[in-house]
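Only one structure is covered here, and it is reproduced in the block below.
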Amino acid sequence: MMIWQEVRKVYPNQWLVIEAIQARTEENRRLLDEIAVVETSADGAAALQAYERLHRTFPQREFYFVHTERESLDIRERRWIGIR
C-alpha cells in the first residue's frame with residue numbers, strides 16, 4: 001500500500017488504475033489514505049478501458065484511473081438522484 005506521493009515517484013508520468021484501500025469522505029471529496037496500483041496503461045484510453053473492465057468484474061471495489069502528473073488527487077463525490 002502506498003500514498004499518492006509515493007505512487008508518483010515510482011510511476012512517473014504514467015496512466016494508472018488505482019484502488020482505494022483506505023479512504024474517507026470530507027466535504028464531498030474522496031480522500032485516499034492508502035492506495036494500490038492495479039494496472040499501468042499506455043494512454044488515457046487504455047486506462048479507462050482497464051478501469052471499466054475492473055469495475056464490471058469487481059463492482060464492490062473502489063477503482064480510479066489517474067495520471068501521475070497530477071500533484072494531488074481531486075476526487076469529488078456525486079450523489080445520484082432518480083432512476084438509473
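The values are calculated or read from the model by the stated rules, or taken from the named source; none is laboratory data. Worth saying up front: this structure is predicted, and the values here are computed from it rather than measured. Protein only, heavy atoms only, side chains kept; ligands, DNA and RNA dropped before computing areas. Shrake-Rupley method; radii C 1.70, N 1.55, O 1.52, S 1.80 Å.
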* **Residue, modelled with the lowest pLDDT, within segment 36-63, restricted to residues that are in a strand (DSSP E or B) and farther than 23 Å from residue 79 by Cα** => 41
* Structure fact -> Counting only residues in segment 25-84 that are more than 22 Å from residue 6 (Cα to Cα) and basic (Lys, Arg), the one most open to solvent (accessible area, probe 1.4 Å) is identified as 84
* To do: Identify the single condition in (1) aromatic (Phe, Trp, Tyr); (2) in a loop (DSSP other than H, G, I, E, B); (3) closer than 13 Å to residue 17 by Cα that residue 80 does not satisfy, given that it satisfies every other one.
  => (3)
* For segment 13-31, indicate whether the set of residues that are at positive phi and of a type in the set (Asp, Glu) is non-empty. => yes
* Asked: Taking segment 5-24 only, how many residues are open to solvent by 70 Å² or more (accessible area, probe 1.4 Å) and part of a helix (DSSP H, G or I)?
  -> 4
